[in-house]
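Report on the following structure.
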Amino acid sequence: MSYLIKQAKTFATSAHQRIDHRRKYTKQPYEVHLKSVASLVKEVGGSEEMLAAAWLHDTVEDTPATHQDIEEAFGSRVARLVYELTDISKPSDGNRATRKALDRDHLSAASAAAQTIKLADLIDNARDICRHDENFARVYLGEMAALLEVLHKGDAELMRRARKTLRKCLDKLGISTLHPPPRLDRQGQSHSTLGFSRRRVQRLFSEAFTAKDIAEPLPSFDGDRPATGVRALMAEAGIQVAGVRDRGTVIGYMRREDLTGETCLDHSRGFSPDQQVYGDANLSEVILVLSRHDHCFVSLLNAVSGVITRTDMEKPIVRMWLFGIITMLEIRFTELIRKHWPDESWVDKCSPARLAKARALLEERQRRGAQHIELVDCLQLSDKSYLLAQDQRFLRDFGFKSKSQADQAIRAMESLRNNLAHGQSITVQDWPQIVRMSQRFFNS
């Protein structure tokens, strides 16, 4: 195994381990899947850069690592493969069918090397899903069939294996005809978030907090300016990234550390579709971009004029937005307890010590004149989640596969809430939870 592949294996394994990322059904370490994909690519003679990208193919999509991290660690060619393999769709693009179509178009333009890796990914995923989840398999196999129609540049042998795997899974499930994946219409979702509609809450959080509220102006320079001079100006002003202008229009961006050649245009990088948002984009979209890239570029009046980094997630507006989401989720937990265990029938499931604390708090609030308060309102977030995690309906509705997964997510949410309340940094330790929570809130 070459040094590059070893480094990619170590980088990817560590990145997934840090967030305790596991296979959805077997709970095996995620590296099991990465190893399978890399092995399939190796079997068909994949280059060392392809094998490195096979190990790294889910790193940007699933962990806090960004495309820039990959490029700095493994070079532009490996980074390009990982970019081609990373979804570019955002929640605002539409339902699952629409988003998958966008990602399919992205893959259709990918290189032969990237398409080969994707074929290996499809083979391993299809085997796992068909073995463990018949219902979702019917959706996934339709998406897989659609992908196979555009991966024609991929390795012929892996294409043959992928089609064989697809046929085998279809036969196993007794499916003779594939239908298009179901359209997931958010308007038709029946479950509510609070005493008023989920869509109303989501609209409030989408419209009241937007990208333009936290973006910083993007300075820009003419592309024909000497790179070393611009680098000195950027260093003096503490600027890490700037726009590159061509005839007055910003056409790309440059990073200060890259400016070593003749002109700024020599170092210009194009704005990728999944790296840009409009000024009225909600913060959930911004967070998704920043989970993939170091910079999120903001367009106003059809021109890129602002930039957002993870550091901007520490701003008061974002912290207030995140705290509000946690509050909404906790209220939702309280409603579910009332619904599933009416007339305080939940008390037998709560530990005596936690129950005593809740009763003491209830008495204190009543002494101070609080109106319309119940014992369940005095439970801590961890108590509420403990109760709900025992109920399979809660696990299903919130997308948790097990009680332990739910417990881990709630602990992460409590950590984020505590750091928000005490003014602590949230963009390092809490970043994976911020990504998961914001996406769950707007997609649930």
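The values are calculated or read from the model by the stated rules, or taken from the named source; none is laboratory data. Just so it is clear, the model here is predicted, and its values are computed rather than measured. Virtual Cβ from ideal backbone geometry, glycine too; neighbours counted across all protein chains shown. Each accessible area value is taken on the protein alone, full model and side chains, heavy atoms only, with ligands, DNA and RNA left out. Shrake-Rupley method; radii C 1.70, N 1.55, O 1.52, S 1.80 Å.
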Take the conditions of a type in the set (K, R), open to solvent by less than 80 Å² (accessible area, probe 1.4 Å) and touching a residue at least 60 places away in the same chain (Cβ under 8 Å) and apply them to R332. Does it pass?
yes
Picked from the range 125-158 (must be within 21 Å of the chain's Cα centre (by Cα) and not aliphatic (A, V, I, L, M)), the residue modelled with the lowest pLDDT is F136
**Asked** Looking at this structure, is V304 buried (at least 20 other Cβ atoms within 10 Å of the Cβ) and either of a type in the set (G, A, S) or closer than 25 Å to D430 by Cα (or both)?
**Response** no
Original post:
Would it be correct to say that R104 is more than 19 Å from L147 (Cβ to Cβ) and of a type in the set (D, E, K, R)?
Top reply: no
Note to self: Any residue at all in the range 304-311 that's at pLDDT below 95, among the aliphatic types (A, V, I, L, M), more than 30 Å from W346 (Cα to Cα) and in contact with a Cys (Cβ under 8 Å, 6 or more places away or on another chain)?
What the structure shows: no
How many residues of the range 392-419 are within 30 Å of Q366 (Cβ to Cβ) and open to solvent by 20 Å² or more (accessible area, probe 1.4 Å)? The answer is 3
Quiz item: Can you find a residue in the range 114-127 that is in contact with a Lys or Arg (Cβ under 8 Å, 6 or more places away or on another chain) and surrounded by fewer than 20 Cβ atoms within 10 Å (Cβ to Cβ)?
Solution: no
Might you let me know whether the range 297-308 holds any residue that is part of a helix (DSSP H, G or I) and not acidic (D, E)? no
Residue hits (the range 1-52; surrounded by fewer than 16 Cβ atoms within 10 Å (Cβ to Cβ) and of a type in the set (V, I, T)) are T10, T26, V32
Per the filter on the range 258-290, residues in contact (Cβ under 8 Å) with a residue 12 or more places away in the chain, open to solvent by 10 Å² or more (accessible area, probe 1.4 Å) and either more than 30 Å from R436 (Cα to Cα) or part of a loop (DSSP other than H, G, I, E, B) (or both) are T260, G261, E262, T263, L265, D266, H267, S268, G270, F271, S272, D280
Determine whether K164 is modelled with pLDDT of 95 or more and open to solvent by 70 Å² or more (accessible area, probe 1.4 Å). yes
Going through the range 129-144 in order, the residues found to be open to solvent by 20 Å² or more (accessible area, probe 1.4 Å) and part of a helix (DSSP H, G or I) are R131, H132, E134, N135, F136, R138, V139, Y140
In the range 217-241, residues that are touching a helix residue (DSSP H, G or I) at 6+ places or on another chain (Cβ under 6 Å), within 25 Å of Y278 (Cα to Cα) and of a type outside the set (F, W, Y) total 2
Scanning the range 226-257 for residues that are of a type in the set (D, E, K, R) and under 31 Å from the mean Cα position of the chain (by Cα), the one most open to solvent (accessible area, probe 1.4 Å) turns out to be E257
For E61, are the conditions met, namely being surrounded by 18 or more Cβ atoms within 10 Å (Cβ to Cβ) and out of contact with any strand residue (DSSP E or B) (no Cβ under 6 Å at 6 or more places or on another chain)?
no
